[in-house]
Amino acid sequence: MPRSFSFAAGVLVLGIALGTNPAHAEKCGEVPSADWVKGESICLATFTYNNQADGSASGLVVFLHGDISRGGAAKYHAPYAAEIAEAGGDGTVAVALVRPGYPAGDGRVSGGSSNGRKDHYTEGNIASVADAVRRLRAHYNAARVVIVGHSGGAAMAGVLMGKHPGVADAAVLISCPCDIDRWRSGRRPWSASLSPSDFVSTVSKGARIVAITGAKDTNTRWSLAKAYIGDLTDAGGTGEAIRVDGAGHSLRSSFWKNGEITRRVLDLLRD
């Protein structure tokens with residue numbers, strides 16, 4: 001499926017170092033484009049599929065990538081977003097969002113800071129993403145919004161659902177480190193990061209959250225997602241925890257092969 005954006009060129013090195021990315025300010029207006037969306041005071045790069053120019057989307061999916069702690073561009077989630085858009089049909093817009101401080105791999109770099117790709121699920125970064133989702137929802141006039149996150153992106157999505165209730169109608173959290181303190185146990189703590197587990201009581205009662213973890217995931221273990229969903233339902237929320245046999249942490253490790261994630265996302269869009 002061809003994507004609906006054009007590659008932007010040029011990155012100002014000083015802007016990247018400072019995390020402000022001023023070279024791209026002119027490309028990021030109040031109204032989102034297929035390539036950029038404003039998130040509070042920063043510009044976030046996007047890969048957009050099934051772009052609805054007339055603002056009449058029946059559903060919007062916003063996909064957040066993981067931490068990519070070994071380095072490299074934040075673009076691995078784009079093909080999965082494209083698949084969701086194709087499966088959803090003409091009314092479904094899917095946006096693979098590049099989190100604050102990450103490069104898109106084509107010359108674009110999202111503003112803000114990734115703090116060296118660690119301890120960066122911060123209140124400011126999550127607020128920027130939440131504002132971006134609000135703007136995308138308004139721009140496409142989307143009837144429903146599902147936020148999908150993988151790994152660190154799932155942590156940010158989980159916090160967003162509780163700290164910014166109503167921004168999205170549902171969430172799919174893949175390989176989620178849903179309790180940051182437990183996830184970091186035995187390692188240096190991430191004191192600046194917010195944890196989904198701390199916001200279960202403020203998730204909108206009408207929202208649905210599905211947490212999907214691979215049975216072979218040794219990074220963000222199944223127990224983290226299971227406990228999070230248990231706490232969410234105990235607090236009156238609606239959630240489901242799913243363990244995928246044979247899958248590890250990566251989306252490539254059989255997660256996508258049987259189409260379960262795409263089906264779950266489309267079901268949440270149509271709910």
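The values are calculated or read from the model by the stated rules, or taken from the named source; none is laboratory data. Remember, it's a predicted structure, so these values are computed and weren't measured experimentally. Heads up, the Cβs are rebuilt from the backbone with ideal geometry, glycines too, and the neighbour counts pull from every protein chain shown.
Brief remarks on what is shown
- Test: residue in region 198-212 that is among the aromatic types (Phe, Trp, Tyr), out of contact with any His (no Cβ under 7 Å at 6 or more places or on another chain) and over 17 Å from HIS150 (Cβ atoms): yes
- Out of ALA73, ALA82, ALA104, sole residue that is farther than 22 Å from GLY124 by Cα and either out of contact with any helix residue (DSSP H, G or I) (no Cβ under 6 Å at 6 or more places or on another chain) or buried (at least 24 other Cβ atoms within 10 Å of the Cβ) (or both): ALA82
- One residue alone among SER201, SER223, SER193, SER185 is buried (at least 17 other Cβ atoms within 10 Å of the Cβ) and among the small types (Gly, Ala, Ser), and that residue is SER193.
- Of the helices (runs of 4 or more DSSP H) entirely within region 163-271, those holding at least 2 residues that are more than 26 Å from GLU86 (Cα to Cα) and touching a residue at least 12 places away in the same chain (Cβ under 8 Å) occupy 180-183, 222-234.
- Residue pairs whose Cβ atoms lie under 6 Å apart, sitting 6 or more positions apart in sequence or on different chains, and linking a residue in region 22-42 that is more than 12 Å from VAL95 (Cβ to Cβ) and among the β-branched types (Val, Ile, Thr) to a partner that is crowded, with 21+ Cβ neighbours inside 10 Å and modelled with pLDDT of 95 or more, are ILE42/GLY111; ILE42/GLY112; ILE42/SER128.
- From GLY29, GLY91, GLY107, residue being over 16 Å from the mean Cα position of the chain (by Cα), at pLDDT 95 or above and over 22 Å from ASN258 (Cα atoms): GLY107
- Failed item in (1) at pLDDT 90 or above; (2) touching a Leu at 6+ places or on another chain (Cβ under 6 Å), with ALA23 passing the rest: (1)
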